[in-house]
Amino acid sequence: MQNALAAAGYPSKVLVACSGGPDSLALAAIAGYFGRRGHVDGHPVSVAGVVVDHQLQAGSAEVAARTASVLRELGLSPVEVRTVDVASTGFGPEAAARDARHAALESAADDLGCDAILLGHTLDDQAEQVLLGLARGSGTRSLAGMRPARGRLLRPFLGLRREETVEICEVEELEPWHDPSNSDPVFARSRTRVEVMPVLEEKLGPGVAESLARTAAILQQDADFLEDLANETYLSLVQREEGVTWLPEGAVRELPAALRFRVIAKAAADVGGQQPGYGRLQAAEALLRRQGSAGPVQLPGHVSVSRLSLSDLAQERPIATGASTGDSAKAVPREAARCGKLVFRHQKPSQQ
């Protein structure tokens, strides 16, 4: 905890997100220790708490109220319960609950003037995240797992095993609540936790979770480097005009594949789209190998991408100004206009 707060620049007011489970309750106990002391390494700190009630289980309000009471006993102040409605997002119930929870945490941090939000994810959570990303065929960013720090979000316990948070609760004489959904096989993460990880530990030997977490730490560095490089490349190439965003085809084609796919994804996001899956990115990237104008390819978030051949436009331009067909062929030979555009447009969804 001390190291995490130091790395974050010693925020003066932090918010602990606590569900009442052993991980977040242990987090609250340790944060409460610094809150009662009033400082970290001599830097003043105060600790608030928030419990998010997702209303997904019977008795969730009672669990939230009981957890809030425990947080107050640990010295956290103020402590709030935020009730959220988990709406379907099309990405599954786990993702919908996570989005609703994070929105509530950010709102609570704003209202309470907190500079950091502490989350209780452990090394086991990180290992499960990497394993799920691998099973889904995700890219580097997904396999890099959760960051120790992202914006206001801090995860001080990413280096601790889940059993250690249970031990902290025992030492502090705290009785955590065990969420039944954590062992519900309906959820992919729960199946990974209860069924897959124990088998890997049994068959491959102990240390699998640590190895997966170490993989995430290595890939985070790689992902950050590629992300920065892709962002610089995109900003150097992107052109905007008449409500569309486009990239010069020749320059994009010459990029290494790792950058080429990322630049295309950035263009889609720039016009209001969502992160495309690998299959959709492949379809958009394949436009670079088409002859003449091609597309559109549909990307998530109502974005279409097309290849617009400058050669075709150049052949048509003299005709539009009244030149003869013969003159146009002489004025703009096909080999003189080899580079086209990848054009990205955001299309409004139909009312239907």
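The values are calculated or read from the model by the stated rules, or taken from the named source; none is laboratory data. Quick caveat: nothing in here was measured; it's all calculated off a predicted structure. Neighbour counts are summed over all protein chains in view; Cβ atoms, including those assigned to glycine, are modelled from backbone coordinates with ideal geometry. When the accessible area is computed, the model is the full protein with side chains, heavy atoms only, and any ligands, DNA or RNA have been set aside. Shrake-Rupley method; radii C 1.70, N 1.55, O 1.52, S 1.80 Å.
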Restricting attention to segment 275-322, and to residues there that are at pLDDT 85 or above and polar (S, T, N, Q), which single residue is nearest to Ala257 (Cα to Cα)? Gln282
The one condition Tyr234 fails out of (1) of a type outside the set (Lys, Arg); (2) open to solvent by 40 Å² or more (accessible area, probe 1.4 Å); (3) assigned to a helix (DSSP H, G or I) is (2)
Restricting to segment 131-152, count the residues that are within 13 Å of the chain's Cα centre (by Cα), farther than 16 Å from Ala7 by Cβ and open to solvent by less than 60 Å² (accessible area, probe 1.4 Å). 8
For segment 26-46, give me each residue that is open to solvent by 10 Å² or more (accessible area, probe 1.4 Å) and either under 26 Å from the mean Cα position of the chain (by Cα) or of a type outside the set (Gly, Ala, Ser) (or both). Ile30, Tyr33, Phe34, Arg36, Arg37, His39, Asp41, His43, Pro44, Val45
Per-region count, segment 159-176, residues in contact with a Ser or Thr (Cβ under 7 Å, 6 or more places away or on another chain) and buried (at least 17 other Cβ atoms within 10 Å of the Cβ): 3
Does segment 248-255 contain at least one residue that is touching an Asp or Glu at 6+ places or on another chain (Cβ under 7 Å) and either within 13 Å of Glu285 (Cα to Cα) or surrounded by fewer than 16 Cβ atoms within 10 Å (Cβ to Cβ) (or both)? no
For segment 113-124, which residues satisfy the criterion of being open to solvent by less than 40 Å² (accessible area, probe 1.4 Å) and either in contact with a Leu (Cβ under 8 Å, 6 or more places away or on another chain) or within 24 Å of Ala265 (Cβ to Cβ) (or both)? Cys114, Ala116, Ile117, Leu118, Leu119, Gly120, Thr122, Leu123
